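Below is one structure, written out as structure tokens, with a few remarks after it.
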Amino acid sequence: MGVEMEETSESLKTVRGIAEDVFDAQIANKKESMGICFIGKRNFTDFIAEYLPKEAIPGDFIDVETGKVVGTHRGSAFYTIGQGAKISGATCKWFTVKKDPYLGTIYVCNDTHHPSLYSNELYMKQEECNWIVGEEPSPLRETNELVALCRTRHLQPLIPCVISKQRACQDYIVIKFDRPVRGMTPGQTAGVYAAGGLVCLGGGQIDSVGPNYYELEIDLPSRLHPSGSNDLSVLK
């Protein structure tokens with residue numbers, strides 16, 4: 001009985017306890033991260049405002065097509081690219097396209113599949129990439145190119161891509177997708193996978209995103225990748 005209890009106790013050891021065995025105390029005792037979904041029934045804007053490094057700058061919502069002001073907001077930090085922009089008095093639904101935090105301007109569009117929400121490439125700084133094996137995958141290291149799968153949002157289906165080093169600046173890695181992807185956002189993470197998604201090769205923070213299809217004046221293809229596991233709104 002004593003042996004069984006000891007084995008059960010060992011199997012229930014916390015993640016923090018395992019970290020103490022494997023890593024040093026500084027890592028094991030780091031403050032835990034907490035997802036935004038755990039804040040409970042609280043006003044999202046008020047909650048985020050408590051953690052901003054400085055006071056949010058209010059500004060205008062501007063229609064990306066017409067350049068006209070369609071509303072005002074309390075601060076660009078409260079809005080995420082690709083998500084709905086709640087504009088008081090609006091007669092249609094608006095979506096966040098891009099933000100200028102210095103001027104306080106948020107550009108919006110009125111269609112969830114507007115071409116301004118889509119781009120087919122992103123850029124990551126090499127120094128901010130984390131490869132699981134401790135170095136770049138051998139194809140990328142040896143040929144400057146890697147065929148893989150990528151995810152830029154939680155639970156987003158994996159998307160075929162080609163990863164390469166930017167020729168003009170070897171400090172950056174370019175991920176180019178087979179089709180345009182919706183709502184890619186600087187500051188969020190791109191995960192890279194192989195073997196049909198069974199193996200995570202690594203990932204890194206998105207530094208910037210390529211020009212969107214509205215800027216390029218390119219029509220969206222008839223088939224698009226879903227932006228999440230429950231996205232049933234992709235074009236048919």
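If R0 is 45 Å, what FRET efficiency do you get for residue 127 and residue 46 from their C-beta distance, rounded to 0.05?
Once rounded, the FRET efficiency stands at 0.80.
Stretched out straight at 0.36 nm per residue, the stretch from residue 222 to residue 179 would grow longer than its current Cα-Cα span by 14.5 nm. The portion of the accessible surface of segment 55-159 made up by carbon and sulfur, rounded to a whole percent, is 48 (1.4 Å probe; DNA, RNA and ligands excluded). The share of Cα pairs per 10 Å bin across segment 107-210, counted from zero up to the longest distance, runs 15, 51, 27, 6, 1 percent. Remark: segment 120-133, residue by residue, has Karplus-estimated 3J(HN,Hα) of 10, 8, 9, 10, 10, 6, 4, 5, 9, 8, 10, 9, 4, 7 Hz, where x stands for each Gly or Pro and the curve is 6.51 cos²θ - 1.76 cosθ + 1.60 at θ = phi - 60°. Rolling a 1.4 Å probe across all protein chains gives residue 95 an accessible area of roughly 20 Å².
Amide H contacts of residue 85: 94, 95, 96, each under 5 Å away and 5 or more positions distant or on a separate chain (H built 1.01 Å from N in the peptide plane; Pro and chain starts excluded). With K and R counted +1 and D and E -1, the other residues having a Cβ less than 14 Å from that of residue 98 yield a net charge of -3.
Give me the accessible area per residue for segment 159-205, probe 1.4 Å, as a whole number in Å². Spell out each step's value before the answer.
Details: 2130 Å² over 47 residues.
Each residue of segment 159-205 exposes 45 Å² on average to a 1.4 Å probe.
Diffusion coefficient (Stokes-Einstein, Kirkwood radius over C-alpha pairs, 10 °C, 1.306 mPa s) for segment 46-113: 132 µm²/s, rounded to a whole number. Computed with a 1.4 Å probe on the full set of protein chains, the accessible area for residue 198 sits at about 150 Å².
Basic side chains Lys and Arg get +1 at the Cβ, acidic Asp and Glu get -1 at the Cβ, and with that the dipole of segment 81-236 about its Cα centre reaches some 520 debye.
The values are calculated or read from the model by the stated rules, or taken from the named source; none is laboratory data. None of these values were measured; they are calculated from a predicted model. Heads up, the Cβs are rebuilt from the backbone with ideal geometry, glycines too, and the neighbour counts pull from every protein chain shown. Protein only, heavy atoms only, side chains kept; ligands, DNA and RNA dropped before computing areas. Shrake-Rupley method; radii C 1.70, N 1.55, O 1.52, S 1.80 Å.
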